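One structure below.
The values are calculated or read from the model by the stated rules, or taken from the named source; none is laboratory data. All of these numbers come straight from a predicted model, not from anything done at the bench. A quick note on method: Cβ atoms are made from the backbone with ideal geometry, for glycine too, and the neighbour counts reach across all protein chains shown. Please note that ligands, DNA and RNA were not included when accessible areas were found on the heavy atoms of the full protein model with its side chains. Shrake-Rupley method; radii C 1.70, N 1.55, O 1.52, S 1.80 Å.
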Amino acid sequence: MNILILGGGGREHALAWAVMQNPKCDKLIVAPGNAGIAAIAECASFDVEDGDAVVGFAAENAIDFVIIGPEAPLAAGVADRLRGAGILCFGPSAAAAQLEASKAFTKMICDASGAPTAAYAHFTEAEPARAYIRDQGAPIVVKADGLAAGKGVIVAMSEAEALDAIDDMFGGAFGGAGAEVVIEEFMEGEEASFFILCDGKNILPLGTAQDHKRVGEGDLGPNTGGMGAYSPAPVMTDEITAKAIAEIVQPTVDEMARRGTPYQGVLYAGFMIKDGQPRLVEYNCRFGDPECQVLMMRLGAQALDLLQACAEGRLDQIQATWAEDHAITVVMAAEGYPGDYAKGSVIKGLEALEGDSLNMVFHAGTKRVDGKITANGGRVLNVTARGNTLQEARDRAYATLERIDWPEGFSRSDIGWRAL
Ligand code: AMP
Ligand code: GLY
């Protein structure tokens, strides 16, 4: 099977690593890829959000299966184009990707399916939004409706902060993504992520994870794309998982099918859990990054069989085999992230690290320059490990991290603390 993966972050390195281990994979191309991916697969360069470019490349290279990593090509309809051209593809249609691309859409689906979530109101103009905030008071959550690279959610602890967020959003700080705004009730509780494969009809729960969104130790400081993650998430007990499927996930999948826009791909559900009750925070239409890294570490080669079964509508005929294991990933980021950071610093010590099924350093933002691995993004490396316990996995990851020589990078020393 010739496989094409779209994307070039740690998520795609982990997907490529898992897919490569499956004997079914004859050839793997990743576009655009990164320096770590280039060590295990061919990398190609074309516009992955351009349906014509993707279909053309897939046809020329006799690609049998395309796995779409990030949300942007999904929201742009690349999966629709591939399916239209008769090419097997993992990832939802643009219509189904609205579950991530529009917060208001997701709220409407929750209303229609009765899924528990935060109370909300939807605005297309600033003045009524301001009035609503004054009426509701703080804390309150202000969200840009569209895709905003993870920056479109303001959890406002004061009314002033919420009103500022309204000014920013309607003032164009988030471009078109902020032209509409959803304002939500602030939910308390513990957050967890749940990844579910959906083939339009059947679902297959793929695993749980928790991530650390804040840049600083103790989960303090500005929000990031995620500074680390671990799987499984202890808060997602069997009982809460069953409840989340029955009350939130399955009703969503049923409602999407009923509307004629079946969801096919991985559904990434973020929950807030309090007193044994999960409520939906958000959906994403792709694997989380860095959550994917811990899921792939635990799944290994079978990931390809699962993604293929999902794309072929055969999830009712396959099962995921889980070991009683734990995985963790620690993000190494460039000094300054999530604010301004420099690119181009040299990372040493990676060559000496031999990856295996217990230990892998996935590359998130790297580039090979004159034979050296250099930093090429905010989040740069994902030091990932597996173990019989979370503690064992964590010790393993931090021991590997010690061997990486990159003075311009930093990481959190407390990934996994909540679960430990
Ligand atoms: P989202 O992009 O929707 O995942 O939001 C980013 C983060 O904001 C979430 O992971 C939560 O920590 C927080 N958040 C979003 N919505 C709410 C809410 N209604 N109540 C409390 N926290 C929220
Ligand atoms: N780690 C959060 C995300 O992928 O959205």
| task | State the dimensionless ratio Rg/Rh of the chain (Rg: radius of gyration of Cα atoms; Rh: Kirkwood radius). | result | 0.95
| note | Whole-percent carbon and sulfur contribution to the accessible surface of the range 83-208 (1.4 Å, no ligands, DNA or RNA) stands at 51
| message | Quick one: 3J(HN,Hα) in Hz for the range 245-257, Karplus 6.51/-1.76/1.60 with θ = phi - 60°, rounded, Gly and Pro as x. | response | 5, 5, 9, 10, 5, 4, x, 5, 4, 5, 5, 5, 5
| Accessible area per residue in Å² at 1.4 Å probe, computed on the chain | 39
| Bins of 5 Å from zero: percent of alpha-carbon pairs in the range 141-289 | 2, 9, 16, 19, 20, 18, 11, 5, 1
| Ranked by how many other beta carbons lie within 10 Å on average, peptides 79-87, 1-9, 222-230 from highest | 1-9, 222-230, 79-87
| said: Set the bar at 31 Å for Cα to Cα. Now go through K24/K103; K213/K367; K213/K243; K151/K274; K24/K367 and name every pair that lies beyond it. | reply: K24/K103
| request: Give, as a single signed number, the net charge of other residues whose beta carbon lies under 15 Å from the beta carbon of A342, with Lys and Arg counted +1 and Asp and Glu -1. | output: 0
| query | Carbon and sulfur together cover what percent of the accessible area of the range 1-43 at a 1.4 Å probe radius? | reply | 53
| Partners for K143 among aspartates and glutamates (Cα-Cα distance below 15 Å; same-chain residues under 8 apart left out) | E100, E125, E159, E161, D164, D167, D168, E180, E184, E185, E282
| said: Need the C-alpha centroid separation for the range 1-65 versus the range 402-418, integer Å. | reply: 29
| message | In whole Å, what are the extents of the range 83-214 along the principal axes defined by its C-alpha atoms, from largest to smallest? | response | 49, 34, 31
| remark: As straight-line cross-link partners of K348, the qualifying aspartates and glutamates (C-alpha separation under 20 Å, not fewer than 8 residues apart within one chain) are E335, D356, D370, E402, D405, E408
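If we count every other residue with Cβ under 13 angstrom of I404's Cβ, Lys/Arg +1 and Asp/Glu -1, where does the sum land? Can you show the working numbers first?
Details: positive: K348, R403; negative: E351, E402, D405, E408.
Counting the neighbours of I404, the net charge comes to -2.
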| request: Would you mind telling me the share, in percent, of accessible area of the range 262-340 contributed by carbon and sulfur at probe 1.4 angstrom? | output: 42
